[in-house]
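Here the structure comes first, spelled out in structure tokens, and everything after it is commentary.
The values are calculated or read from the model by the stated rules, or taken from the named source; none is laboratory data. This is a predicted model, so every value here is computed, not measured. A quick note on method: Cβ atoms are made from the backbone with ideal geometry, for glycine too, and the neighbour counts reach across all protein chains shown.
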Amino acid sequence: MANLIHNELTIADGATFEFPEDVKGQGRITGRIGRNAEVIFHGIDVFLTRLHLEIKDNCRLVVGKSAIFNKQTNFDMNEPGASIIIGEGCMFSRSRFWTSDFHGIYDATTGNRLNHTRDIMIGDRCWVGNDVLVLKGTEMGNDTVIAAGSVVSGKKFGSNLVIGGNPAKVIKEGIIWHHKKQDIHPDFE
């Protein structure tokens, strides 16, 4: 793989790791991928500086084509069977994704576990800002921006939004964005 350093990535037996040959950027991947887990980065135009993966057995991480990973992005899937699905054309800047809480929380009366792992779904052309934490159960529509420093805690958001805060809420509706700053969006020229 051209430009990709992944000698600090441990891949267990039966796991699938697919990454494009033409990755741009520094391309450093660290972490672990568990047994029978799938980590698939589709397509072309992937830009990567640093990625850290903690993927347990039977988990699935799928990233659409044309993804941009500025700074380090962490994917923590610490319970078997979780999925994170990310659409095409998304951009990430030092963000973290957690599909579980890392420790069990139980009902004091029944002893039943309350905090099960949940999947994360991110639509096409989403921009996840600097120091964002995306928690289990989060669903983002297309063309949505998550403001820097936000915590998205398992809510479902629609498309064409700016969301932000802790917990994240809708700040602005009816937006589109582009990774290059200019006076007019390229689709309107």
Select the strands (runs of 3 or more DSSP E) contained entirely in the stretch 77-161, then report the ones holding at least 1 residues which are closer than 19 Å to I55 by Cβ. 83-86, 91-93, 96-98, 120-122, 133-135
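Residues checked against (1) under 19 Å from N74 (Cβ atoms); (2) in contact with a helix residue (DSSP H, G or I) (Cβ under 7 Å, 6 or more places away or on another chain); (3) of a type in the set (D, E, K, R); (4) modelled with pLDDT of 90 or more:
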{"site": "L4", "(1), (2), (3), (4)": "yes, no, no, no"}
{"site": "E8", "(1), (2), (3), (4)": "yes, no, yes, no"}
{"site": "F19", "(1), (2), (3), (4)": "yes, no, no, no"}
{"site": "Q26", "(1), (2), (3), (4)": "yes, no, no, no"}
{"site": "R32", "(1), (2), (3), (4)": "yes, no, yes, yes"}
{"site": "E38", "(1), (2), (3), (4)": "yes, no, yes, yes"}
{"site": "I44", "(1), (2), (3), (4)": "no, no, no, no"}
{"site": "E54", "(1), (2), (3), (4)": "yes, no, yes, yes"}
{"site": "D57", "(1), (2), (3), (4)": "yes, no, yes, yes"}
Residue by residue through the stretch 168-177, note down the ones that are surrounded by 13 or more Cβ atoms within 10 Å (Cβ to Cβ) and assigned to a loop (DSSP other than H, G, I, E, B). I175, I176, W177
Can you tell me which condition D131 does not meet? The list is (1) within 21 Å of F41 (Cα to Cα); (2) within 14 Å of the chain's Cα centre (by Cα), and all the others hold. (1)
The number of residues in the stretch 45-64 that are over 18 Å from E139 (Cβ atoms), touching a residue at least 40 places away in the same chain (Cβ under 8 Å) and not hydrophobic (A, V, I, L, M, F, W, C) is 1
Could you go through the stretch 89-96 and let me know if any residue there is in contact with a Pro (Cβ under 9 Å, 6 or more places away or on another chain) and aliphatic (A, V, I, L, M). no
Matching residues in the stretch 7-56 - criterion: being over 17 Å from the mean Cα position of the chain (by Cα), aliphatic (A, V, I, L, M) and within 24 Å of T99 (Cα to Cα): L9, I11, A12, A15
Among the candidates D131, D143, D124, single out the residue that is within 14 Å of C90 (Cβ to Cβ), at pLDDT 95 or above, among the charged types (D, E, K, R) and in contact with a Gly (Cβ under 6 Å, 6 or more places away or on another chain). D124
Taking the residues in the stretch 93-138 that are among the aliphatic types (A, V, I, L, M) and under 22 Å from N70 (Cα atoms) as candidates, determine which candidate is surrounded by the fewest Cβ atoms within 10 Å (Cβ to Cβ). M121
Name the residues in the stretch 69-89 that are in contact with a strand residue (DSSP E or B) (Cβ under 6 Å, 6 or more places away or on another chain), modelled with pLDDT under 95, surrounded by 19 or more Cβ atoms within 10 Å (Cβ to Cβ) and not hydroxyl-bearing (S, T, Y), would you? F69
Checked the stretch 51-66 for anything surrounded by 23 or more Cβ atoms within 10 Å (Cβ to Cβ) and in a loop (DSSP other than H, G, I, E, B); matches are C59
